[in-house]
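Working notes, beginning with the structure itself.
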Amino acid sequence: FRARGARIMVDRLHGIGRDRKGGTAVRHSRRSRHASSFGRCLALIILLAVPHVRHNGHPLPDAPALNRLLFERYELKPPPPSTVDGGAARHVAVLPLVDPRATHVARVLQLRDGDIARVGVLDGGIDDAAKVRWIWPEGSVGKWTDNESRESRPERLELHDITNALGREKELPEALELTFAEGSEGCLGAPRVDLVLAPPQPKRLENLLPQISQLGVGSVTLCGASGIDSRTFGVHWLKQPAGLRALLVKGLVQSGETLVPKAVIAPRLEKFLRGARGATPTIDDVAPLGRTLRVVAVAGQGGPGAALMLRFSQLEPPSGCPLAQARLLVAVGPESGWSQGELDSLLQVGFRPVSLGPRALESEAATCAALALAASTTRRWSSMR
């Protein structure tokens with residue numbers, strides 16, 4: 001749906017249509033009012049699912065707003081001078097009601113004028129006290145204030161309750177305005193874990209990428225391997241940086257962090273491991289050996305290199321690297337396992353096998369387990385003296 005179509009839906013929500021000739025507001029006929037209940041339910045479902053409304057020529061993020069509302073830098077504008085407090089400029093973001101983030105604030109969080117929301121700027125800072133203000137159509141008398149009873153706007157509503165609440169509204173605001181200061185306090189800091197992943201099938205990878213960014217990685221490299229579907233690297237969203245970024249941002253919305261992992265596509269593993277540094281990133285670009293410990297995670301008993309396998313709790317930081325800067329690169333192979341040749345290549349560039357336990361795991365379980373253990377390992381390093 002385009003923005004104009006979404007605006008028409010909002011108009012129909014509160015029984016107002018547009019005269020085709022003059023553009024003036026007119027009441028619907030009795031017949032259309034009889035169908036208003038169905039129309040409200042249908043329009044709400046569409047409002048919650050509208051994916052690609054454009055604002056100032058840019059596609060709005062397609063991620064649902066959950067634990068933090070995240071903004072691209074281009075969505076922000078400076079506030080009026082009167083809102084600058086103590087010389088510290090604050091950002092202003094304005095979202096149309098059909099934007100999934102604004103819909104979430106209105107219908108799920110039930111925030112009103114004067115309430116506060118948790119926001120952040122992608123690859124930037126956060127603010128846990130962004131000020132909420134609703135913008136109403138010109139001439140409207142609507143107002144949502146923070147002194148309304150909380151009983152009438154609980155923190156979480158089921159879909160049918162949201163639909164009923166929408167049906168009781170006589171009119172709706174046009175947009176949500178958020179004013180906030182971009183700080184860094186509260187961020188967990190840049191992750192010190194990187195991932196090399198032989199990807200599963202495209203649909204499974206699409207679901208896995210948000211989980212990877214939730215767990216926290218500095219970079220994720222999708223590499224080829226003998227055991228993966230050769231069509232994986234041909235999917236359209238892997239060829240478009242914006243599509244891949246949107247999936248990673250989807251995970252950040254859940255975790256509440258703002259740093260978007262760097263994504264590297266390396267269809268040929270051997271070239272990634274041994275290629276000359278240049279236009280195409282190599283392993284030395286992603287994880288320099290001097291300050292990065294490289295490990296290949298292996299699930300299940302036996303297999304190549306089983307006698308040399310360590311546990312994550314036994315891993316030590318790279319020698320000579322400051323503990324606070326030491327990084328850990330984890331390679332997770334296909335479900336069929338790395339071939340002997342691929343494993344030999346990994347070992348030759350400094351990877352060490354590390355065990356994920358005796359059970360055979362799917363790609364999703366192995367990846368999440370490896371990243372959780374790796375994050376715990378880097379935290380342990382930071383506490384070492």
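The values are calculated or read from the model by the stated rules, or taken from the named source; none is laboratory data. In this text the structure is predicted, and so the values were computed from the model without any measurement. Ligands, DNA and RNA are stripped out before the accessible areas are found, and what is left, the full protein with its side chains, is counted by its heavy atoms. Shrake-Rupley method; radii C 1.70, N 1.55, O 1.52, S 1.80 Å.
The slack in the chain from Trp237 to Lys143, taken as 0.36 nm per residue of separation less the alpha-carbon distance, amounts to 29.7 nm.
Apolar share of the accessible surface for the range 229-385: 53 percent from carbon plus sulfur atoms, 1.4 Å probe. Computed over the range 292-385, relative contact order equals 48 percent, with contacts defined as Cα pairs under 8 Å that lie 6+ residues apart.
In the context of the full set of protein chains, residues of the range 172-224 present 34 Å² of accessible surface per residue (probe radius 1.4 Å, heavy atoms only). Each residue of the range 338-348 is assigned a 3J(HN,Hα), and the resulting list reads 5, 6, 4, x, 5, 5, 4, 5, 5, 5, 5 Hz, derived from the Karplus form 6.51 cos²θ - 1.76 cosθ + 1.60 (θ = phi - 60°), x at Gly and Pro. Summarising the amide proton neighbourhood of Leu356: residues at separation of 5 or more, or on other chains, whose placed amide H is nearer than 5 Å comprise Val298, Ala299, Gly300.
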